[in-house]
Structure formats: structure tokens, C-alpha cells
There are 2 protein chains.
Amino acid sequence: MEQLNKLIEHIVNRVNINLREPLVDVGPFVRGLIPRDSFSLYYAFYSITTTHPLKFHFRHSSVGGTYFLGKCEVDHSILYKSDIRGDELKRKGSIVNCNGKDIKLRDDEIISIRDSYLMKTLVHNKSHDPENLETFKIANTVSLNYANIHGTSLEGCFLEPFASLDLSVCHDCAVGAFSYVQAGELSHKRIKPGRVWVKSPGLFEFKYHFPEEILPDYIRMENHRPVGKLIDFFEDKKEDFVPIYSAVQTENTIEAEGAAVSPYAVIKGVCSVDKNVLVAQRSYIDNSKLGPGSNAQENCYIINSTYEGYDVTAHGGKVIYSNLGKNIFVGFNSFVNGKEDARIKIGSNSIVMPHTIIDAQEPLDIPENCIVWGYITKQEDLELHSLSLEEFSSIKGQFQLGDMKFEGLGAKFVDAFRHRIAHILEENGAFYNGTEETKGHAQKTQDISFNILQPYPEGILKGLYPELAINPLEPSDL
Amino acid sequence: MEQLNKLIEHIVNRVNINLREPLVDVGPFVRGLIPRDSFSLYYAFYSITTTHPLKFHFRHSSVGGTYFLGKCEVDHSILYKSDIRGDELKRKGSIVNCNGKDIKLRDDEIISIRDSYLMKTLVHNKSHDPENLETFKIANTVSLNYANIHGTSLEGCFLEPFASLDLSVCHDCAVGAFSYVQAGELSHKRIKPGRVWVKSPGLFEFKYHFPEEILPDYIRMENHRPVGKLIDFFEDKKEDFVPIYSAVQTENTIEAEGAAVSPYAVIKGVCSVDKNVLVAQRSYIDNSKLGPGSNAQENCYIINSTYEGYDVTAHGGKVIYSNLGKNIFVGFNSFVNGKEDARIKIGSNSIVMPHTIIDAQEPLDIPENCIVWGYITKQEDLELHSLSLEEFSSIKGQFQLGDMKFEGLGAKFVDAFRHRIAHILEENGAFYNGTEETKGHAQKTQDISFNILQPYPEGILKGLYPELAINPLEPSDL
């Protein structure tokens with residue numbers, strides 16, 4: 001255990017050096033955060049499929065409870081119950097066009113995590129850093145519960161719980177709880193909690209801030225630990241994962257053609273999935289029905305709800321007592337919290353922005369073809385927190401509605417979302433028709449096996465893992 | 001799957017080249033032996049403890065269901081539900097005295113398995129090859145169900161089911177089913193089934209042959225597959241292992257001070273263990289009581305029996321409806337098969353030779369301080385199949401009793417056994433008194449974790465494992 005403590009201090013020092021400006025000390029957030037015995041209690045998973053390039057190397061790290069898929073390197077780091085998903089890593093020889101220049105990848109892209117501490121964090125690699133095409137890098141970074149690192153290279157960053165960094169490159173930034181940032185390159189910034197910020201330089205900028213009297217109810221830091229309704233929500237459901245993680249090979253209890261239901265997802269009550277559905281590991285489906293092509297990504301909770309089809313619930317999305325039409329996007333970490341007597345109905349083709357909280361105090365009806373954001377509890381709140389996609393597309397220049405500010409071309413903003421939703425559906429295999437080209441994540445992970453990795457059980461190395469490397473077979477051996 | 005087939009043919013060719021003399025074709029024995037789906041169904045285990053040097057490297061191999069402990073390398077091989085136990089590997093810097101010369105080990109000893117096919121085979125590394133001190137080598141070898149490779153370097157060998165090679169060095173040998181060979185260096189030999197042969201050049205030679213009309217009842221090859229009562233015995237109990245191997249972290253259901261009960265052992269009925277007991281993985285204890293310091297090694301079955309204490313059941317020993325006094329040794333693969341109405345009682349300090357079959361047709365009473373061998377079903381059979389240790393010690397020169405022939409010094413033979421039993425008890429921690437020096441295998445494996453390794457799940461590589469390496473942490477990282 002002594003060595004694990006030394007490693008934590010090493011990471012704290014590395015990260016704090018990067019965060020001299022903005023001045024942040026990550027020490028109190030990570031020291032004692034994970035109960036010491038938990039480091040040796042949980043085991044890590046490395047996925048083996050026939051379609052993802054294999055390469056896994058870690059040394060001097062603790063990786064308990066973490067999933068890895070694709071090419072990954074981990075050095076001097078603590079990853080705890082995180083997901084490191086490398087299914088969209090770029091391949092050697094592929095061409096990336098950036099500012100009109102074609103750049104050829106000289107090696108397979110690899111996720112590299114160094115001197116970092118990621119706690120229950122999701123890393124998905126669809127990377128957008130044209131300067132480092134072969135490495136998806138996370139270094140000198142601390143990221144806390146349910147943070148989301150999505151296609152974002154990070155150096156010297158601190159992410160509070162439920163923070164999402166999306167399609168960005170960040171250097172020396174501190175991002176507050178429940179903030180969503182998709183803003184190209186950022187450095188030496190401090191992002192306040194509850195900020196939703198989408199910026200495409202030269203095209204548009206969307207800004208929303210959760211009211212300061214509201215957010216702490218859902219998530220706040222108290223003595224450097226996260227508390228609030230969002231944390232309570234997870235705590236209540238933790239127990240349901242226990243039996244799943246106690247079995248080496250668990251069985252999917254539901255299935256359909258072209259669908260993939262992870263053996264490491266919780267399936268409770270009466271559930272059904274239709275063709276080409278993806279239910280990822282660590283997602284939670286209770287008494288719900290997922291229509292064709294729908295997906296429940298990592299850390300999603302779908303409870304007492306129905307999805308008509310081709311509905312996307314992005315990482316960390318929670319949908320309770322809701323009925324969704326077709327083609328609906330529920331963004332990262334959104335909390336669509338209907339009640340038994342206050343269901344939420346969402347019409348087809350609508351977009352729930354990332355980090356939206358819809359906490360129904362009465363039945364809610366969100367129309368078709370609209371976009372919603374912010375904090376909504378009553379039907380009347382929609383007036384200041386939604387627009388039809390048509391209205392949004394017509395925005396040019398500056399626009400304000402309630403706490404939301406927009407500047408630029410609404411049509412480009414809506415197009416960007418539509419394009420991304422289509423990409424997600426395609427990548428996840430929603431349109432699979434039996435051909436190789438239409439295969440997505442759902443079909444590619446139907447046949448998967450897991451290497452289950454455990455740490456030193458006792459002594460000064462307790463909780464650390466031996467150095468471990470997994471490589472594909474040499475072609476010359478075959 | 002195609003690649004796995006290619007690997008099997010590769011091994012067959014390598015082994016057959018070695019077995020030109022004696023002429024053996026191992027192909028029919030291994031082709032189709034393991035159902036093809038089983039290769040991808042089971043997972044392998046690499047043990048991590050704080051006391052065993054770590055190093056694990058395999059490539060181009062299938063290692064389903066196999067356990068590894070200590071430093072091991074596996075190349076181009078198929079190991080299936082085997083145990084590769086490196087807990088007595090010699091360490092760098094230690095001195096081995098051979099023929100009066102002190103030889104210093106320049107590296108840690110490592111188990112190296114190449115171009116071999118081991119099926120349900122136990123490998124224990126207490127090696128005795130002074131010519132290759134740093135490598136415990138198994139190459140170009142096929143070994144079948146429940147064979148026992150014990151401290152024996154092998155090149156180009158074929159072991160039939162239940163064959164034991166003990167403390168020897170063998171080159172290009174074929175060893176028949178249920179043969180026990182402890183005979184120094186052997187090359188280009190064919191050992192017939194049911195031969196028990198213990199030879200210490202210049203000191204003694206013990207020889208016994210099972211009657212040809214008896215052995216096939218217990219084990220014989222039919223169409224290159226093993227059949228008989230010994231195989232049936234295992235088949236009946238296979239089901240009991242299923243729940244154990246379906247859980248990542250199973251719980252020991254019985255425990256005692258200084259004792260280690262593997263979570264991968266079957267414990268059924270009412271069982272108890274006393275202090276410093278070792279129950280190894282893949283052993284099976286049903287409705288039995290193990291007194292202090294006793295051990296049940298890998299593939300042991302102890303059913304409806306009691307052990308007073310410091311009793312050793314060597315690898316593959318089976319003891320049913322028996323009552324053992326103190327300090328009793330039941331050798332490799334012995335079948336001490338009492339019945340509910342025909343119990344077997346064994347007096348203290350007695351030795352059941354390796355590969356003894358005691359299949360009681362009436363209650364049997366084996367006295368204290370004696371040695372038994374061969375095939376025994378009735379009390380009167382003891383006359384030709386046992387001697388008191390005192391009588392045995394007094395043998396000088398040639399001696400014959402029934403089918404047993406002995407030549408040399410009986411006292412040396414008895415001493416060698418006594419010495420070995422003491423060594424086994426000590427190594428397994430039977431005399432542990434809380435001090436570091438008295439720790440043995442039981443205490444050293446109380447804190448153990450397992451890396452659980454799975455193969456490619458589908459496609460042409462199905463059943464093969466990616467290349468995998470585990471190494472200890474670099475001291476400079478700590």
C-alpha cells in the first residue's frame with residue numbers, strides 16, 4: 001500500500017505543477033477519495049475482439065475496475081472503475097484532412113495515459129487533435145466521478161464530477177462539476193460548474209449557465225467530495241452491479257438480431273431490445289423497451305421508459321419514466337427524470353442538449369423536431385429552454401433566450417448536431433443490414449472476451465498491478 | 001480456429017521428429033482430443049502473490065483453463081486445464097552443489113514450455129537437472145490427462161494418461177499410462193503402462209508392474225482415447241467444479257490459522273481443516289476432515305475420509321472412505337478407494353507408494369510404519385504388497401516379493417522417502433509457527449490474486465491467445 005500512496009502523491013505533484021495558473025490543488029480531491037482496500041478489491045478488464053487492434057501496456061499503475069478496448073498504454077497512473085474505449089482509434093495508413101492538407105498516419109493511434117488519476121471517468125477516443133494523430137494523450141490530469149473525456153487530448157487538467165470535455169484539446173484547465181465544454185483548443189482556463197459551452201470558431205457559440213441556486217442540489221463539492229441528487233442516483237443503484245461483476249462469464253438475458261447487450265450491463269425488470277441495439281457495459285436498463293437501432297452507452301440509465309427506435313442516449317445519460325419517439329438524441333450526462341405520475345414524452349427527431357436536467361414535477365410533453373437545454377421542471381419551462389429546430393436554424397448573429405446565449409449561424413449548429421447523431425448511430429451499428437460496411441460497435445463487440453487483471457493482493461505493492469503487456473500474435477507465427 | 005489447427009499439426013510434427021526412436025506417432029492422440037469450442041470457452045489463470053517472482057510471457061499459444069505460478073514462458077504450445085506451478089523455482093544467486101561442485105545461478109530459474117501439448121497435466125518445478133539450472137524446460141512434448149511432470153525436464157517425450165515423471169531428465173521417451181518413473185536420466189526409452197520404477201543409480205532400484213489383466217480395468221487407451229475406472233472417477237465429479245470456475249472471486253468456505261484453501265478447490269459436504277493445512281486448486285474435498293499440517297495437492301480427491309495430521313496426499317492422489325493416522329504419505333496418482341462398507345484404515349507413518357491402487361472389497365487395515373505398493377483389494381493382498389519400514393530398511397542386495405523387485409540398500413530407499421515427505425511438509429508450510437522461515441506454500445498463497453486470461457473469441461484466431469507478458473514493477477519506478 002505504501003507504494004500506492006507514493007504514486008498518488010507523485011500524480012498530485014505532476015498535476016499541480018500544470019495547474020499553477022489557474023491555481024488549483026488537486027491533492028485534497030484525490031487523497032483518500034478511494035477507500036484503500038478498494039484498490040485491491042476490483043479487477044480490470046481488457047477486451048479482446050477480432051476487429052479491434054490489440055495492444056495494451058501498463059506499468060506502475062493501478063487500474064481496478066477499469067475497461068480497456070483497443071490500443072492503450074498506461075504509465076504511473078491510477079484509473080479506477082473507468083472506461084477507456086479505443087474503438088474509433090485511427091489506423092496506420094489512414095488519411096486525415098486538416099485545413100486542406102492530407103496527413104497520413106504513420107502508426108496506429110494509441111491511447112496514452114500518463115501520470116494521471118481518473119476516477120469513474122469515461123474516455124472515448126474519437127480524437128480531434130490534428131497535431132498528434134498517432135497518440136490520444138491524457139497526461140498530468142485528474143478527473144473525478146463520471147467525468148467524460150470524449151475525443152479530447154488533455155495535459156495538466158482537472159475535471160470535477162460530471163464534467164464533459166468533448167472534441168477539444170485542453171492544456172492546464174480546471175473544469176467545474178457538470179460543465180460541458182466543446183470548444184476547440186483551450187489553455188489555462190477555469191470553467192465554472194454548470195456551464196454548457198459549445199463553440200465552433202467562426203461558425204457559432206452556444207452558452208448556458210445553470211442557475212447558481214439550482215445546480216448544488218444536483219451536484220456540488222463538499223469538503224472536496226461530490227454530493228447531491230446525481231450522486232445519490234448512482235449510489236442507489238450500485239448494488240445491482242455486484243452480481244454482474246462477480247461472474248467471469250455472465251449471460252445476456254435479452255438479445256436480438258444485430259444487437260449487442262454487454263454482459264456487464266444491468267438488465268432488470270421486463271426489458272426488450274430490438275435489432276441493432278447497443279447496450280454498453282456499465283449501462284443500466286430497468287423495465288424498458290429499446291426500439292431498433294437505439295443505443296444505451298456507458299453509464300446510461302434507462303428506467304421505466306420506451307424508445308421507438310434509433311434513439312441515442314449518450315454517455316452518462318439518464319432517462320426515467322419517459323417515452324421517446326424516433327431519432328432522439330439525449331446528450332452526455334443529461335438527467336431526464338420523469339416520475340410515475342409525471343412522465344416525460346419526447347417527440348421524434350428532438351435533441352436534448354448535453355447536460356440538460358429535466359426533473360419533471362408534472363407530466364411533460366416535448367414536441368417533435370425541437371432542441372431543449374438547461375433546467376426544466378414544468379411544461380412552461382420549455383418556453384425559455386427550447387426552440388424548434390426550424391427556429392434555431394434560422395438564427396443568424398446574436399440571440400438570447402432565458403439564460404442561453406447564442407451567436408453565429410443556428411443552421412450550422414443544428415447541422416453539426418444532426419451530423420453527429422447520424423455518425424453515432426452509424427458507428428454503433430444502428431443501420432446494420434448484414435453487410436460488412438454497415439457493421440458498427442454493436443456488431444463488432446458481439447464476440448468479445450475479457451482478460452481480467454488483478455493487482456498485488458498484499459504487502460507494500462498492494463493495489464498496484466504488475467507490469468503487463470498484451471500484443472497481437474506475430475503474423476510470422478501464423 | 002484454422003490457426004489453432006495449424007498449431008496442433010506443428011506440435012505433432014515437432015514431437016514425432018523426436019520420437020523416431022521409439023517410434024510413436026502422437027497425432028491420433030491429440031487431434032480432436034479437446035473439443036474445438038473448449039479452447040475458447042475456458043480462461044487461464046496467472047497467480048500474483050507477494051512472495052513468488054513474477055514473469056509470464058506467452059505467445060502463439062492456447063492456455064485455456066491453465067494455472068501459472070512463478071516465472072513461466074510458453075511459446076507455440078497448447079496447455080489445456082493444466083497446472084504450471086513454479087513455487088520452487090531456484091533464485092538468482094543461489095548455489096547448487098552437484099558432484100561436489102558449487103554452481104551459482106546467474107538468473108532466476110524459469111519454466112519454459114515450447115512446441116508442446118499438455119492436457120490436464122500437472123507441472124511442478126522442483127527441478128533436478130544440474131546442466132540447465134536457470135531453465136526448467138519442456139519442449140517438443142505431448143502429455144495427456146492427469147500426467148504428472150514433477151521436477152523433470154523433458155524434450156521430445158510422450159506421456160500417456162496418469163503417467164508420472166518424477167525428478168528425472170528425459171529425452172525422446174514414451175511413457176505408458178499410469179507409469180511412475182523416477183530414474184535419473186533417460187533417453188530413447190519406451191516405458192510400458194503400469195510400471196512403477198524408482199531408481200537411484202548406485203543405491204537402489206525398485207520395480208513393480210501392474211498385472212496386465214488388471215490395469216486396463218482402471219486405465220487403457222481405446223482408439224487413442226483414455227477409458228477405465230480412473231477416467232470415470234473424474235468424469236463423475238467434473239460438474240462440481242463448474243460453479244467455482246464461473247466466479248471471479250470465490251470464497252473459501254473453510255479456514256484455519258496458517259491454512260490455505262484455494263478458492264478453486266471443491267469443498268462439499270461437512271469438511272474441516274486444521275492449522276497449516278494446504279488445499280490446492282483443483283483439489284476436491286468432500287465430507288472429510290484434514291488434521292493439522294495435512295495437505296491436499298492439485299488434482300487430489302479426499303472423500304468421506306479423516307486425516308489425523310501431517311498427512312501428505314501428493315498430486316493426483318485419491319483417498320475415499322479412509323481413515324489415516326499421522327504422517328502418512330499417499331503418493332502421486334494413488335487410488336485409495338475404500339467403500340462405505342469397506343473402509344481403509346492406514347496406521348501412522350506409513351507410506352503408500354506412488355501409483356498404488358487399493359480398491360477395497362472388504363475393510364482393510366494397513367499397519368503403522370509400513371510401505372505398500374501395487375494392487376490391493378483384500379487384507380491378504382498386503383502380504384505380497386507391503387513390508388514394515390523396518391523390514392524394508394534391512395534389505396541389502398536383491399529382493400523379490402510378488403511382482404515387486406528391489407535391488408540395493410533398502411535403508412537408503414526408506415530414507416529417501418522419509419526425507420522427501422519431510423521436505424514436502426516443510427515446503428507446504430505444515431510446520432509454520434508464525435516465523436518467516438517456517439512459511440511454506442500454504443502461507444505464501446494465502447494472499448493471492450489471479451489474472452484471468454481469455455483467448456480470441458471468434459475468427460481464424462479463435463482459441464489462441466494474444467501475446468501476453470507480465471513483469472514485476474521496475475524497482476526504479478517505486
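The values are calculated or read from the model by the stated rules, or taken from the named source; none is laboratory data. Computed from a prediction, not measured in an experiment: that's the story for all the values here. As a convention, Cβ positions derive from the backbone with ideal geometry for all residues, glycine included, and neighbour counts pool all protein chains shown.
Scanning the range A:59-83 for residues that are out of contact with any Asp or Glu (no Cβ under 7 Å at 6 or more places or on another chain), outside any loop (DSSP other than H, G, I, E, B) and either within 12 Å of A:Leu453 (Cα to Cα) or among the aromatic types (Phe, Trp, Tyr) (or both) turns up A:Ser62, A:Phe68, A:Tyr80. Within the option set A:Glu474, A:Glu426, being acidic (Asp, Glu), without any contact (Cβ under 8 Å) to a residue 60 or more places away in the chain and either within 19 Å of A:Leu89 (Cβ to Cβ) or crowded, with 21+ Cβ neighbours inside 10 Å (or both) holds for one residue only, A:Glu426.
For the range A:226-262, a tally of residues being under 14 Å from A:Ala177 (Cβ atoms) and in contact with a helix residue (DSSP H, G or I) (Cβ under 8 Å, 6 or more places away or on another chain) returns 3.
Kindly indicate whether B:Tyr301 is within 14 Å of chain A (Cβ to nearest Cβ), farther than 24 Å from B:Phe431 by Cβ and buried (at least 17 other Cβ atoms within 10 Å of the Cβ). So B:Tyr301 does not fit the description; no. Counting only residues that are buried (at least 19 other Cβ atoms within 10 Å of the Cβ) and either among the charged types (D, E, K, R) or in a helix (DSSP H, G or I) (or both), the range A:9-27 holds 5 of them.
Mind checking whether some residue in the range A:354-377 is among the hydroxyl-bearing types (Ser, Thr, Tyr), on the phi < 0 side of the Ramachandran plot and surrounded by fewer than 16 Cβ atoms within 10 Å (Cβ to Cβ)? Among the residues of the range A:354-377, not one is among the hydroxyl-bearing types (Ser, Thr, Tyr), on the phi < 0 side of the Ramachandran plot and surrounded by fewer than 16 Cβ atoms within 10 Å (Cβ to Cβ), which makes the answer no. Would the range A:223-232 turn up any residue that is among the small types (Gly, Ala, Ser) and outside any loop (DSSP other than H, G, I, E, B)? Checked against the condition, which is being among the small types (Gly, Ala, Ser) and outside any loop (DSSP other than H, G, I, E, B), the range A:223-232 yields no hits at all.
Restricted to strands (runs of 3 or more DSSP E) entirely inside the range B:399-478, those with at least 2 residues that are within 14 Å of another protein chain (Cβ to nearest Cβ) are B:449-453, B:467-471.
Filter the range B:80-100 down to the residues that are more than 16 Å from B:Glu298 (Cα to Cα) and either in contact with a strand residue (DSSP E or B) (Cβ under 6 Å, 6 or more places away or on another chain) or not charged (D, E, K, R) (or both) and list them by number. Steps first, please.
Of all residues in the range B:80-100, those more than 16 Å from B:Glu298 (Cα to Cα) come to B:89-100.
Selection gives B:Leu89, B:Gly93, B:Ser94, B:Ile95, B:Val96, B:Asn97, B:Cys98, B:Asn99, B:Gly100.
Counting only residues that are under 15 Å from A:Tyr43 (Cα atoms) and in contact with an Asp or Glu (Cβ under 9 Å, 6 or more places away or on another chain), which one in the range A:462-478 is modelled with the highest pLDDT?
A:Glu467
Select, from A:Lys92, A:Lys101, A:Lys55, A:Lys81, the only residue that is out of contact with any Phe, Trp or Tyr (no Cβ under 9 Å at 6 or more places or on another chain), modelled with pLDDT under 95 and surrounded by 15 or more Cβ atoms within 10 Å (Cβ to Cβ).
Values: A:Lys92 fails: surrounded by 15 or more Cβ atoms within 10 Å (Cβ to Cβ); A:Lys101 fails: surrounded by 15 or more Cβ atoms within 10 Å (Cβ to Cβ); A:Lys81 fails: out of contact with any Phe, Trp or Tyr (no Cβ under 9 Å at 6 or more places or on another chain).
The conditions single out A:Lys55.
Just so you know, in the range A:287-298 the residues that are of a type outside the set (D, E, K, R) and within 14 Å of the chain's Cα centre (by Cα) include one that is surrounded by the fewest Cβ atoms within 10 Å (Cβ to Cβ), and it is A:Gln297. Touching a strand residue (DSSP E or B) at 6+ places or on another chain (Cβ under 8 Å), at negative phi and within 14 Å of chain A (Cβ to nearest Cβ): does that describe B:Ser246? Judged against the criteria, B:Ser246 is a match. Within the range A:29-39, can one find any residue that is within 12 Å of chain B (Cβ to nearest Cβ), touching a strand residue (DSSP E or B) at 6+ places or on another chain (Cβ under 9 Å) and either closer than 20 Å to B:Pro472 by Cα or among the hydrophobic types (A, V, I, L, M, F, W, C) (or both)? Among the residues of the range A:29-39, at least one is within 12 Å of chain B (Cβ to nearest Cβ), touching a strand residue (DSSP E or B) at 6+ places or on another chain (Cβ under 9 Å) and either closer than 20 Å to B:Pro472 by Cα or among the hydrophobic types (A, V, I, L, M, F, W, C) (or both), which makes the answer yes.
Within the set A:Phe399, A:Phe417, the sole residue that is modelled with pLDDT of 90 or more, within 22 Å of A:Gly151 (Cβ to Cβ) and surrounded by fewer than 22 Cβ atoms within 10 Å (Cβ to Cβ) turns out to be A:Phe417. Checked against the criteria, A:Ser127 counts as among the hydroxyl-bearing types (Ser, Thr, Tyr) and in a loop (DSSP other than H, G, I, E, B). Among residues of the range B:299-310 that are among the charged types (D, E, K, R), those with a Cβ under 6 angstrom from a residue that is buried (at least 19 other Cβ atoms within 10 Å of the Cβ) and outside any loop (DSSP other than H, G, I, E, B), sequence gap 6+ or separate chain, pair up as B:Glu308/B:Gly325.
For the range B:48-82, a residue qualifies if it is within 11 Å of chain A (Cβ to nearest Cβ) and among the aliphatic types (A, V, I, L, M), and the qualifying residues are B:Ile48, B:Leu54. Within the range A:378-396, the residues that satisfy the criterion of being in a strand (DSSP E or B) and surrounded by fewer than 17 Cβ atoms within 10 Å (Cβ to Cβ) are A:Ser388, A:Lys396.
Of the set (1) within 14 Å of chain A (Cβ to nearest Cβ); (2) under 21 Å from the mean Cα position of the chain (by Cα); (3) more than 29 Å from B:Leu7 (Cα to Cα), all apply to B:Lys90 but (1).
Yes/no per residue for (1) part of a loop (DSSP other than H, G, I, E, B); (2) under 20 Å from the mean Cα position of the chain (by Cα); (3) modelled with pLDDT of 95 or more; (4) surrounded by 22 or more Cβ atoms within 10 Å (Cβ to Cβ):
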position	(1), (2), (3), (4)
B:Lys238	no, yes, no, no
B:Ile244	no, no, no, no
B:Gln249	yes, no, no, no
B:Glu257	yes, no, no, no
B:Pro263	yes, yes, no, no
B:Val270	yes, no, no, no
B:Ile285	no, yes, yes, yes
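Kindly establish whether B:Ile219 is at pLDDT 95 or above, surrounded by fewer than 22 Cβ atoms within 10 Å (Cβ to Cβ), in contact with a strand residue (DSSP E or B) (Cβ under 8 Å, 6 or more places away or on another chain) and among the aliphatic types (A, V, I, L, M). Can you show your working first?
Details: at pLDDT 95 or above: yes; surrounded by fewer than 22 Cβ atoms within 10 Å (Cβ to Cβ): no; in contact with a strand residue (DSSP E or B) (Cβ under 8 Å, 6 or more places away or on another chain): yes; among the aliphatic types (A, V, I, L, M): yes.
No; evaluated as a whole, the condition is false for this residue.
Here A:His355 meets the list (1) within 14 Å of chain B (Cβ to nearest Cβ); (2) touching a residue at least 24 places away in the same chain (Cβ under 8 Å) almost entirely, failing just condition (1). Residues in the range A:330-360 that are small (Gly, Ala, Ser) and part of a strand (DSSP E or B): 1 in all. Residues in the range A:35-52 that are out of contact with any Ser or Thr (no Cβ under 9 Å at 6 or more places or on another chain) and either in a loop (DSSP other than H, G, I, E, B) or charged (D, E, K, R) (or both): A:Pro35, A:Arg36, A:Asp37, A:Thr50. Checked against (1) modelled with pLDDT under 90; (2) within 22 Å of A:Tyr456 (Cα to Cα), A:Tyr46 passes all but a single condition, namely (1).
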